[in-house]
Structure formats: structure tokens, C-alpha cells
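Note sheet for the following structure.
The values are calculated or read from the model by the stated rules, or taken from the named source; none is laboratory data. From a predicted model like this one, the values you see are computed outputs, not experimental measurements. Cβ atoms come from the backbone with ideal geometry, glycine included; neighbour counts cover every protein chain shown. What goes into the accessible areas is simple: the full protein's heavy atoms, side chains included, and nothing from ligands, DNA or RNA. Shrake-Rupley method; radii C 1.70, N 1.55, O 1.52, S 1.80 Å.
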Amino acid sequence: MMTTTFADLGLSDTILKALEKTQLKMPSPIQVQAIPHIMAGKDLMGLAQTGTGKTAAFGLPLLHRILDLGHPPAPKTVRALILAPTRELVSQIADNLEVFTKGTSVKVAMVVGGASLFKQAERLKRGADILVATPGRLIDLLERGDVSLHATGYLVLDEADHMLDMGFIHSLRKIAKHIPLKRQTLLFSATMPKDIEELAATYLQNPIKVQVAPPGKPVERIVQGVHYLPNGDKANILKEYLNKHPGEQALVFGRTKHGSEKLMKLLVTWGFKAGSIHGNKSQSQRDRTLTEFRKAELDVLVATDVAARGIDIPGVRYVYNFDMPNVPENYVHRIGRTARAGKEGTSISFCAPAEMSELQAVEKLLKKAIPVLGGAPWSADMVAAAPKPGQNRGQRPSQGRGGQKAGSQPIQRAAPGKPGAKPAARPASAKPAGGSFAPRRAGAGGGKPQGQNRRPD
Ligand code: AMP
């Protein structure tokens, strides 16, 4: 089969020249599939995770179209609007686009919460060829009259599933009302649940559908495993793993801002070069930590789902699910942070009794059991005995359970797509120390009881 090149996709010489200066040598599968349709002016739904090259898949044809116009945008107007759920993702998209637009007349602007509204309004006075924005801040600017979308001909909804998870549907409706119906709309999502189909039906016209990985299926190269252990043991086993792989970058997911911060501090006291990103950190702190992690000045990054969503850090070798995600799709997003750009990656999950249903939801989504590395699936009575949110205020750390060592069992390569063997029944030795369920730990690493109805962070 002939290999498709960027030139085959119909991109202009200016863009091909700009691409020569980047590490993008050959188009990725999502780019091969999506670019010709976008160039042809079609609406498109792309089912693709971050890391597949989807930013260039929509960015390059947008750039091609805008370069064709040959004149700058009118003041306060925007030609192409890209909406993304988080500040990190917005700045990552803008950074990516800057690489392609370097040396061209195309100007990219970005607006996100947590940064100066005044400066953003000032910037928008000149108009923007491409505006990358989080929905909330864009609405503020629209309502103040600092920007108008009446001349916007392109709308991109990136990480649409996550935007809905974060409750941005009302904001999207509000924003869409400002954009002419005669436009090209592109929607990208890592998963395609029913509400995304509905969103697409509302905002896209006869969209072409392209996909590079079936929904919910993690990258095949990622080796996965799970430890069944009480909350109180999680921090220690994480420490063992981190010590076993010095110098290899790890991303650790916590469920809450508070728990993630505590865990990061504990890791620092243990001598790890760790940082954290979550909703309680200012934008500049988050940016700084991400830069340090990218430069490998930090070995461990503790993050919440929302803060880490979509961020692209090629060096991550290990992903630890310190807390199981409460939305199963987030498992796929989390583990997709490793094994980037053809590299190997490992994901290790820690499942306490109260997280059994979350783990089962993940396995249902994956259509296979995650290989067990330690402990055994919690029985129904252990799960039932696990404290519900709000209970067990005076928690104590567990004493740990004998015998469970990080990586004490070989990690099996998961057979993607195929239903795996059912996890073994819980052996007597899998009982936590003390013979009963060790309560969730309020101290370092455990965070507050999970499952509380918290604001996304
Ligand atoms: P994205 O899925 O857009 O977040 O892209 C993830 C990463 O892949 C970014 O760092 C891009 O620079 C990189 N990338 C995108 N397209 C290609 C390509 N065709 N070849 C190599 N790397 C790429």
C-alpha cells in the first residue's frame, strides 16, 4: 500500500514548508482520514484520543483555509473557534498551532479562566484568525462585547466528551448561538457516548465520521495491572514502585484535589521529585509544574483527572491510578498518558474495597479483566463493609497487609480486545491485616473518602 504524505492530503506549500521544520514527517492515521474531508468543507466527528495527532488533524486544514483568505481578520472577530475543556488543553492546542503558523500571517489567540481578562480583551481587539478557548471565559468576553463570533466560519469542539462531563453543555449552547449556522463544525472526542451523538446531531450537519481507535479501547501497547489493597496501603506500595523505577517518569492520578496534594507532599517528604496539578493550584503554578515535568525536572506528577486531561507529556512511562476514576472512560484517558509516540507504557491501578464498583465499570468498558498484581478482588461483604462517603471521620491508616510487594507478581501483557480470564476468587491470604477491612485513610495519600459529590477539579 502506498504511504500517504502530507502533500497527498492537499495542504498548501506554505504549510508543507512549515511542517518540514517540525517533527511531523508523515501524517498520523487520524490526519490521513480527517484532513481530506475537512479540506473539502465537510462537518466531521473524530473519535480519537489525545496523542493521536488530532490537533494537527483539524489545525492544518484550518490553517490552509485561513491562509487562502490572504487578509487579516476584522477587529474583535474570530475566524475559527476551538473550544476545549481545560486551560491546559487550550494552551497545548495553542502551542501546537503556533508551531504550524510560525512564519505565516496567521495569528492564534487563546482565552482561559484564571488569566487576565483585560489582557485577553486587549488582544482580541485586533481580531484572531484562530481563537482557542475554554467556554466559561469566552462567554465572559462575549457578554462584555470584547469579541464577536459573527464572522466565525469554523467551530472545533475538542474533547467533547470531557466538555459534557464537566457540565459545559449550557455554555456550548450559549456560544453556538453567537456563531453563524453557515459554518464548518468539527467535533473530536475520545469516547462516543449517547450524549455526544446528540450533541453532534444538534451542531453538525451530515458529519463524516472517522475513528482511529474503538471507543473505550486503550492503546494496545499499554501493560495493565491492578492491586487490590486497602486505601491505607496505597502510598507505601506506590513508593515501592517508584523506587523500583528510578528516573522513569510517572503520572499518579488521585480523585480529589485535597488527596492529590497530600499525596504529592508525602512523596516529597520521601525524597521524590514530585509535583501536583489540580483545581486548587493557580494557572501559573500548574503551568510551571507541567513545564518542570516535561523537562524531567520532576519524576512524579500527581494529578486529578480534570487537570491532567489531554495533556501531552511524551516521557511518561508509568501511570498509577492511586484512586480509581469515578467515570470509567477516565481510566482510558488516564492510561493513554503513557505509551505515547510508539513507546512502552505501564498502568497500575490500586483498588480499595469501596472502589470495587469503579473497577468493575472499567473492566466492563474494556471488555476484559485487568490482570491482578496483588491481593484479589474484594468480596461483596468487604465491599458492603467499606465506609460510604461521610462515614469514618476518625480514620486511621491501615497496618498494611503482609506479603504484598510492588510488582511481586509479573505483569502480564493484557490481551486487548479479548475477554480476559476472570480474576481469581479472593484467597484467605488476601484479607487485610487485622482480619477486617482497613478503613479508608484520611492521612497522606488517602485523601478524603472518595465518591463525595465534589466539584470537578
Ligand atoms: P495530539 O493528539 O494532537 O494531542 O498530538 C499529540 C502529539 O503528537 C503532539 O505532540 C504532536 O506534536 C504529535 N504529532 C501530531 N501529529 C504527528 C505526526 N503526524 N507525526 C508525529 N507526531 C505527531
Filtering GluC sites (Glu not before Pro) in the range 205-308 by DSSP loop and by at most 10 other Cβ atoms within 10 Å leaves none
What share of all Cα pairs of the range 37-169, in percent, falls into each consecutive 10 Å distance bin? 12, 47, 35, 6
The number of Lys pairs in the range 1-136 whose alpha carbons lie under 21 Å apart, excluding pairs fewer than 8 residues apart on one chain, is 17
Counting other Cβ atoms within 10 Å of each Cβ, which trypsin sites (Lys or Arg not before Pro) in the range 353-387 have at most 14 and sit in a DSSP loop? Lys367
For the range 1-58: span of alpha carbons on each principal axis (Å, largest first): 28, 25, 24
Accessible solvent surface per residue of the range 153-216, calculated while the other protein chains remain in place, 1.4 angstrom probe, Å²: 47
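Normalise the Cα radius of gyration of the range 222-385 by 2.2 N^0.38 Å (N = residues in it) and let me know the number.
After normalising by residue count via 2.2 N^0.38 Å, the value is 0.98.
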List Lys262, Lys17, ordered by accessible area with a 1.4 Å probe, largest first: Lys17, Lys262
Regression test value, accessible area per residue of the range 222-385, probe 1.4 Å, units Å², expected 31
Considering only protein heavy atoms, with the full assembly of protein chains and a 1.4 angstrom probe, order Met163, Met26, Met264, Met110 by accessible area, largest first. Met26, Met110, Met264, Met163
So which trypsin sites (Lys or Arg not before Pro) in the range 25-74 are both in a DSSP loop and have at most 16 other Cβ atoms within 10 Å of their Cβ? Lys25
Taking a 1.4 Å probe, which of Ser28, Ser105 shows the most accessible area, and what order do the others take after it? Ser105, Ser28
Taking the full set of protein chains and a 1.4 angstrom probe, give the accessible area of Lys295 in square angstrom, rounded to the nearest 10. 130
What's the percent breakdown of Cα-Cα distances in the range 268-322 across 5 Å bins, shortest bin first? 4, 19, 32, 29, 13, 2
